[in-house]
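Here the structure comes first, spelled out in structure tokens, and everything after it is commentary.
The values are calculated or read from the model by the stated rules, or taken from the named source; none is laboratory data. Small disclaimer: the values here were computed from a predicted structure and weren't measured. Backbone-built Cβ (ideal geometry, glycine too); neighbour counts: all protein chains shown. The accessibility values were calculated without ligands, DNA or RNA, using every heavy atom of the protein model including side chains. Shrake-Rupley method; radii C 1.70, N 1.55, O 1.52, S 1.80 Å.
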Amino acid sequence: MAVSDAFGLTLSGATETGLSSYSRAVRELQCFIGDPVGSVDRAIAEDPGFVMAHVFKGYLFGLATEREATAVAKACHEAALPLAATTREQAHVAALGHLAEGRWHEAARVLEDIAIEFPLDALALQTGHQIDFFTGNARMLRDRIGRALPSWQSGMPGYHAILGMQAFGLEEMGDYARAEKLGRTAVDIEPRDGWAQHAVAHVMEMQSRQKDGILWMRANPEAWTRESFLQVHNWWHLALFHYDLGETDEVLALYDGPIYGERSTLALNMVDASAILWRLHLGGVDVGERWTALAANWLPKASAGHYAFNDAHAMMAFVGAGLEAPARGLLEAQREAMRGKDDNAAFTRDVGHPLTLAIKAFGEGNYAGTIRLIRPIRAIAHRFGGSHAQRDVIDLTLIEAALRSGDGALARALAAERALARPDSPLSALFSRRATALAAN
């Protein structure tokens with residue numbers, strides 16, 4: 001007799017024992033805690049023919065944005081191919097195949113169709129949501145979940161995760177009040193939901209509510225840090241609040257502690273480390289040897305040309321550490337990537353390559369070149385992924401380049417633009433003062 005999950009979805013090849021490990025993996029992923037890979041590996045060991053366990057593992061590795069992990073995703077796809085029995089499972093296997101081959105948009109569309117037919121398929125919703133994030137698709141971050149939300153009810157397993165994802169999608173679409181309400185509700189239901197915690201932090205970042213953000217993040221850090229593989233990113237959000245307030249010592253303490261004290265080699269964690277140090281670099285802060293240690297960990301990945309968003313952050317580290325040869329190698333890897341047929345070719349061509357060149361130009365003191373490269377891509381920067389908060393570093397780099405180039409008119413215009421978007425930001429006020437002083441000279 002076929003085994004089904006708590007929502008009545010058939011799980012071919014599963015036994016009750018394998019389902020227990022699989023369900024644990026799903027819960028861990030929904031909270032971003034524990035070891036979902038270990039849990040799903042146990043499910044596979046218990047039930048080698050459990051197709052969705054292979055798919056689940058493949059999704060985990062396919063979303064890692066690293067070439068080595070993609071190889072695992074491909075192996076999972078091959079294992080799952082002959083096992084899928086239901087139409088839903090076959091669609092999941094197809095989505096994993098697209099993801100493993102770098103066809104992010106096609107994977108997202110297949111998962112969209114699964115969730116339309118099966119709105120209680122939590123894995124289809126969460127994997128699609130993550131792909132929407134990595135492709136910068138703000139509308140689908142909101143609407144993918146919004147379509148399914150009416151089918152969910154309080155008390156259902158994982159309901160908090162659906163609310164947390166909806167909160168993040170609403171935030172990315174600028175619906176801040178509803179985003180905060182849903183995010184807080186999700187955290188009330190499940191305090192360990194790191195994604196919901198981060199959705200509320202995003203709201204406060206976009207609204208320049210630095211002190212509220214600090215209180216939110218420091219109220220119960222044990223809940224969102226314990227065994228959490230999203231904790232570095234959430235500490236990064238706390239650092240952003242302190243950065244906007246000009247509290248450099250706090251930012252550096254967070255960097256040296258929970259953000260990069262352990263010097264992770266995971267690309268997702270190194271992105272956050274680069275993004276913090278680059279912001280400090282833009283502000284003229286000497287971060288000492290921190291760049292050297294971070295750049296050393298980027299070196300093995302920089303020649304992959306696997307995901308353009310990562311490339312830009314690797315270049316920040318190479319510029320900060322003064323490493324010319326790896327910087328050139330990274331640009332060459334991007335040129336090779338642009339000749340590919342996967343979605344990263346477009347990510348790189350449209351945004352990643354010009355931005356990476358701009359970061360290198362900034363490091364060389366070529367501020368006019370930085371301005372020339374960044375201005376055309378600002379409106380389309382979402383195409384290479386990330387959130388509004390993450391892509392803000394592009395605007396920060398452009399504003400600083402305008403100020404350092406002596407272009408008073410552009411600096412004043414950009415400062416006014418930022419003051420309109422973030423009127424309560426101390427950093428906005430600082431840019432306005434500097435632009436006014438520049439124009440007066």
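The single condition among (1) part of a loop (DSSP other than H, G, I, E, B); (2) within 19 Å of ALA389 (Cβ to Cβ); (3) under 20 Å from the mean Cα position of the chain (by Cα) that LEU268 does not satisfy is (1).
Looking only at residues of region 394-441 that are charged (D, E, K, R) and closer than 18 Å to PHE362 by Cα, we find that the one that is most open to solvent (accessible area, probe 1.4 Å) is ARG404.
Would you confirm whether any residue within region 113-132 is free of Cβ contacts under 8 Å to residues at least 24 places away in the same chain, open to solvent by 30 Å² or more (accessible area, probe 1.4 Å) and charged (D, E, K, R)? Yes, because at least one residue in region 113-132 is free of Cβ contacts under 8 Å to residues at least 24 places away in the same chain, open to solvent by 30 Å² or more (accessible area, probe 1.4 Å) and charged (D, E, K, R). Per this entry, ALA304 is counted among residues that are in contact (Cβ under 8 Å) with a residue 60 or more places away in the chain, outside any helix (DSSP H, G or I) and either under 17 Å from MET316 (Cα atoms) or touching a helix residue (DSSP H, G or I) at 6+ places or on another chain (Cβ under 9 Å) (or both). Which of the residues that make up region 347-372 are among the aliphatic types (A, V, I, L, M) and either touching a His at 6+ places or on another chain (Cβ under 9 Å) or within 19 Å of ALA317 (Cα to Cα) (or both)? Result: VAL351, LEU355, LEU357, ALA358, ILE359, ALA361. When region 256-265 is filtered for residues that are assigned to a helix (DSSP H, G or I) and surrounded by 15 or more Cβ atoms within 10 Å (Cβ to Cβ), the ones remaining, listed by number, are PRO258, ILE259.
Considering each residue of region 143-153 in turn, at least one proves to be within 23 Å of TYR22 (Cα to Cα), part of a loop (DSSP other than H, G, I, E, B) and without any contact (Cβ under 8 Å) to a residue 12 or more places away in the chain. One residue stands out in region 190-199 among those that are under 15 Å from the mean Cα position of the chain (by Cα) and in contact (Cβ under 8 Å) with a residue 60 or more places away in the chain: the one that is surrounded by the most Cβ atoms within 10 Å (Cβ to Cβ), namely TRP195.
Cβ-Cβ contacts under 6 Å between residues 6 or more apart (or on different chains), taken from a first residue in region 427-441 that is more than 21 Å from LEU240 (Cα to Cα) to a second residue that is at pLDDT 95 or above and among the basic types (Lys, Arg), are listed as ALA435/ARG412; ALA439/ARG412. So which residues in region 136-164 are farther than 18 Å from LEU9 by Cβ and either touching a strand residue (DSSP E or B) at 6+ places or on another chain (Cβ under 8 Å) or open to solvent by less than 10 Å² (accessible area, probe 1.4 Å) (or both), if there are any at all? If the condition is that a residue be farther than 18 Å from LEU9 by Cβ and either touching a strand residue (DSSP E or B) at 6+ places or on another chain (Cβ under 8 Å) or open to solvent by less than 10 Å² (accessible area, probe 1.4 Å) (or both), then GLY136, LEU141, LEU163, GLY164 are the ones that fit. When the residues of region 117-142 are filtered to those that are of a type outside the set (Gly, Ala, Ser) and part of a loop (DSSP other than H, G, I, E, B), the one that is nearest to ASP342 (Cα to Cα) is THR135. On the basis of being within 25 Å of GLN30 (Cα to Cα), open to solvent by less than 40 Å² (accessible area, probe 1.4 Å) and over 20 Å from the mean Cα position of the chain (by Cα), does ALA223 make the cut? Against the criterion (within 25 Å of GLN30 (Cα to Cα), open to solvent by less than 40 Å² (accessible area, probe 1.4 Å) and over 20 Å from the mean Cα position of the chain (by Cα)), ALA223 qualifies. In region 173-189, the condition of being under 29 Å from ALA421 (Cβ atoms), of a type outside the set (A, V, I, L, M, F, W, C), surrounded by 24 or more Cβ atoms within 10 Å (Cβ to Cβ) and free of Cβ contacts under 8 Å to residues at least 40 places away in the same chain is met by at least one residue.
Residue by residue, here is whether (1) within 19 Å of ILE394 (Cα to Cα); (2) over 22 Å from the mean Cα position of the chain (by Cα); (3) open to solvent by less than 10 Å² (accessible area, probe 1.4 Å) holds:
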| position | (1), (2), (3) |
| --- | --- |
| ARG290 | no, yes, no |
| HIS306 | no, no, no |
| HIS313 | yes, no, yes |
| LEU323 | no, yes, no |
| GLU332 | no, yes, no |
| ALA345 | no, no, yes |
| THR348 | yes, no, yes |
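From the list ALA275, ALA239, ALA253, ALA317, the lone residue that is in a helix (DSSP H, G or I), open to solvent by 10 Å² or more (accessible area, probe 1.4 Å) and among the hydrophobic types (A, V, I, L, M, F, W, C) is ALA253.
Taking the criterion of being under 20 Å from TRP224 (Cβ atoms) and either outside any helix (DSSP H, G or I) or at pLDDT below 95 (or both), would at least one residue in region 158-173 satisfy it? Yes, the conditions are met somewhere in region 158-173.
Being open to solvent by 10 Å² or more (accessible area, probe 1.4 Å), closer than 26 Å to ARG27 by Cβ and not acidic (Asp, Glu) holds for only one residue in HIS202, HIS233, and it is HIS233. The number of residues in region 356-391 that are under 27 Å from GLN130 (Cβ atoms), open to solvent by 10 Å² or more (accessible area, probe 1.4 Å) and of a type outside the set (Val, Ile, Thr) comes to 7.
Condition check ((1) more than 30 Å from ALA2 (Cα to Cα); (2) touching a Pro at 6+ places or on another chain (Cβ under 9 Å); (3) not basic (Lys, Arg)) across all residues:
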position	(1), (2), (3)
ALA85	no, no, yes
ALA100	no, no, yes
ALA115	no, no, yes
PHE118	no, no, yes
LEU125	no, yes, yes
ARG142	yes, no, no
GLN153	no, no, yes
PHE168	yes, no, yes
GLY174	yes, no, yes
